[in-house]
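One structure below.
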Amino acid sequence: MLKFRGTTVIALKHRGKSVMGGDGQVTFGDTILKSGAKKVRKIFDGRVVAGFAGSTADAFTLFDRFESKLQKYQGNLMRASVELAKDWRTDKILRRLEALLIVMDKDHMFIISGSGDVVEPEEGVAAIGSGGNYALSAAKALLRHSNLSAEEIVRESLRIASEICVYTNEKFVIESL
């Protein structure tokens with residue numbers, strides 16, 4: 001999968017909760033442009049959470065497209081994800097977009113890419129962005145060796161990633177379903 005500098009987004013399904021969190025840092029090269037961006041948001045009347053890594057303008061375009069797919073397929077997350085990935089891969093304009101999405105509802109979670117990937121993680125945890133692997137590793141360890149809630153695991157995983165990845169800060173946005 002593609003790896004983008006500039007963010008960390010992690011999604012977790014744990015003990016009946018679906019939680020996604022992301023940091024707020026926006027960088028341009030080696031300059032921090034903004035520290036409080038919202039890269040994780042609820043969409044589709046609060047029934048779906050989506051997060052992005054990559055170009056901000058591209059991500060907003062994808063959020064809009066994804067939400068329209070959810071409307072068209074009456075909230076069917078899997079179908080909307082597959083249809084967005086197909087459009088993203090084949091459309092002349094969309095295929096130039098540089099971003100990754102994580103989307104989740106109460107039942108499913110998918111990573112969606114412009115190369116046509118729609119991946120549902122087996123362990124109920126996924127992360128994207130430059131700090132994604134750090135957050136993912138932390139979350140897996142915390143799942144195995146702690147009694148923390150889903151939100152606590154997401155927050156702590158982001159905190160750990162922010163201590164390692166220079167493109168990740170500690171201004172987190174965390175959304176739960």
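The values are calculated or read from the model by the stated rules, or taken from the named source; none is laboratory data. Note that the structure is predicted; figures quoted are calculated from it, not measured. With ideal geometry, Cβ positions are generated from the backbone for all residues, glycine too; neighbour counts draw on all protein chains shown.
Cβ contacts < 6 Å: first residue within 18 Å of residue 158 (Cβ to Cβ), restricted to segment 40-56; second residue among the basic types (Lys, Arg) and in a strand (DSSP E or B), any location; separation 6+ or different chain. Result?
Matching pairs, first to second residue: 49/42.
Suppose we keep only residues that are closer than 26 Å to residue 98 by Cβ and of a type in the set (D, E, K, R) within segment 109-133. Which one would you say is farthest from the chain's Cα centre (by Cα)? Reasoning before the result, please.
Restricting attention to segment 109-133, the residues satisfying the condition of being closer than 26 Å to residue 98 by Cβ are 109-121, 125-133.
With of a type in the set (D, E, K, R) added as a condition, the list becomes 117, 120.
Values: 117: 14, 120: 12 Å.
Restricting to residues being closer than 26 Å to residue 98 by Cβ and of a type in the set (D, E, K, R), the top hit is 117.
Scan segment 99-116 residue by residue and report those that are out of contact with any strand residue (DSSP E or B) (no Cβ under 7 Å at 6 or more places or on another chain) and at negative phi. Working first, answer last.
Taking segment 99-116 first, the residues out of contact with any strand residue (DSSP E or B) (no Cβ under 7 Å at 6 or more places or on another chain) are 107-108, 114-116.
Of everything in segment 99-116, those that are out of contact with any strand residue (DSSP E or B) (no Cβ under 7 Å at 6 or more places or on another chain) and at negative phi turn out to be 107, 108, 114, 115.
Please state which one of 89, 47 is of a type in the set (D, E, K, R) and touching a helix residue (DSSP H, G or I) at 6+ places or on another chain (Cβ under 7 Å). Give the derivation first.
Details: 47 fails: touching a helix residue (DSSP H, G or I) at 6+ places or on another chain (Cβ under 7 Å).
Of 89, 47, the one residue that is of a type in the set (D, E, K, R) and touching a helix residue (DSSP H, G or I) at 6+ places or on another chain (Cβ under 7 Å) is 89.
Out of everything in segment 134-168 that is assigned to a loop (DSSP other than H, G, I, E, B) and of a type in the set (A, V, I, L, M, F, W, C), what residue ends up being nearest to the chain's Cα centre (by Cα)? Please lay out each step first, then the result.
Just the residues of segment 134-168 that are assigned to a loop (DSSP other than H, G, I, E, B), to begin with: 146-149, 165-168.
Now restrict to residues that are of a type in the set (A, V, I, L, M, F, W, C): 148, 165-166.
Numbers: 148: 21, 165: 17, 166: 18 Å.
The extreme case among them is 165.
Just for segment 44-78: of the residues that are among the hydrophobic types (A, V, I, L, M, F, W, C) and touching a Leu at 6+ places or on another chain (Cβ under 7 Å), which one is farthest from residue 167 (Cα to Cα)?
First, pick out the residues of segment 44-78 that are among the hydrophobic types (A, V, I, L, M, F, W, C): 44, 48-50, 52-53, 57, 59-60, 62-63, 66, 70, 77-78.
Subset that is touching a Leu at 6+ places or on another chain (Cβ under 7 Å): 44, 48-50, 52-53, 62, 66.
Details: 44: 29, 48: 26, 49: 22, 50: 20, 52: 14, 53: 11, 62: 22, 66: 26 Å.
Among them, the one singled out is 44.
Taking into account only those residues within segment 82-112 that are closer than 30 Å to residue 155 by Cα and at pLDDT below 90, which is surrounded by the most Cβ atoms within 10 Å (Cβ to Cβ)?
99
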